[in-house]
Amino acid sequence: MQAEPLNPRLASPVATGLPDAAPARLPHLARALRAVVGREINKFLRQPSRLASALVRPLLWFVVFSAGFHSVFGVSIVPPYETYVEYQVYMVPGLLAMVALFNGMQSSLSMVYDREMGVMRLLLTAPLPRGWLLGFKLLAGTCLSVLQMAVFLLIARAFGVTLSGQHVPLLFLAMVSGATLLAALGLMLSVYIKQLENFAGTMNFVIFPMFFISPALFPLWRLEESGAWWLLRLAQWNPFTHVVETLRFAMYGQVNMLSWSVVVAGSACFFGLAWWGYDPQRGWIRQRGAA
């Protein structure tokens, strides 16, 4: 008796999970990448006011605070600086990180909104590995942050903040790494923010302590000099501190290995927690199902 032929769809590598399924899945991943990342970038480019609102805050700090506190905060010769620098120059790495921080929180808000009533409500049910989907969202947030950081850097250059051309590749890598860390942080927060009404309080609880307890506006030796040891310890454990220091050293063609290590490890940790929270078998999805 002749055996019946197998269903070609069931026997396909994608359905059976055989090793040959990876090449067959690549077109699907490419379409998902284009849909998720392209959607975020196109939506951002169609809203010029969003770019303007993202740059107003750091530009206000850059213009007003650098003028008002120019003679208050004296920056001594500490690495990576080889001579005294103007306070305006000192602020630039911290404000670049601020742009990435606020965009990471904005991406978190977008994720919460899309999960409740937008496209993520459909994407989370798509036959696509959850890790890939979150990775595409992370890539979209990183691209938007780097774009905004580059525009702010050009504006700062117009105000007299110069940058050597040979340091641009290292600075670009530092911008990508820092933006990835802060976008991953926003992605992780979107797991635990259940409603849009709770987002404003979470932003205040996360953004302002991370920004102010860091060397974005003043060097950490100021805290040590004033005897605020507990603030110094918090700043040293603050991941935003290491994003700022990574950018600061990269602007002068130097590498701070400690900060780079913290940025890379923090990105992996935050993304892993986000992936865990969005897994259907545990985390946020299971909690909603149980409710």
What pairs come out if I take residues in the range 20-44 that are surrounded by 16 or more Cβ atoms within 10 Å (Cβ to Cβ) and among the small types (G, A, S) and pair them with residues that are at pLDDT 75 or above and assigned to a helix (DSSP H, G or I) whose C-beta lies under 8 Å away, six or more apart or interchain? A32/W132; A32/L133; A32/F136
Is it the case that the range 51-73 has a residue that's surrounded by 13 or more Cβ atoms within 10 Å (Cβ to Cβ), basic (K, R) and at pLDDT 80 or above? yes
Scanning the range 141-167 residue by residue, those within 19 Å of Y81 (Cβ to Cβ) and either of a type outside the set (S, T, N, Q) or not in a helix (DSSP H, G or I) (or both) turn out to be L153, A156, R157, F159, G160, V161, T162, L163, S164, H167
Can you confirm whether the range 230-247 contains a residue that is closer than 19 Å to F152 by Cα and surrounded by fewer than 18 Cβ atoms within 10 Å (Cβ to Cβ)? no
If a residue counts only when it is aromatic (F, W, Y) and touching a residue at least 40 places away in the same chain (Cβ under 8 Å), which helices (runs of 4 or more DSSP H) contained entirely in the range 221-282 have at least 1 such residues? 221-226, 239-250, 257-277
Which one is nearest to V63 (Cα to Cα) among residues in the range 139-177 that are loosely packed, with under 15 Cβ neighbours inside 10 Å and among the hydroxyl-bearing types (S, T, Y)? T162
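The values are calculated or read from the model by the stated rules, or taken from the named source; none is laboratory data. Model, not experiment: these values are computed from the prediction. Counting neighbours? That spans all protein chains shown, and the Cβs are built from the backbone with ideal geometry, glycine included.
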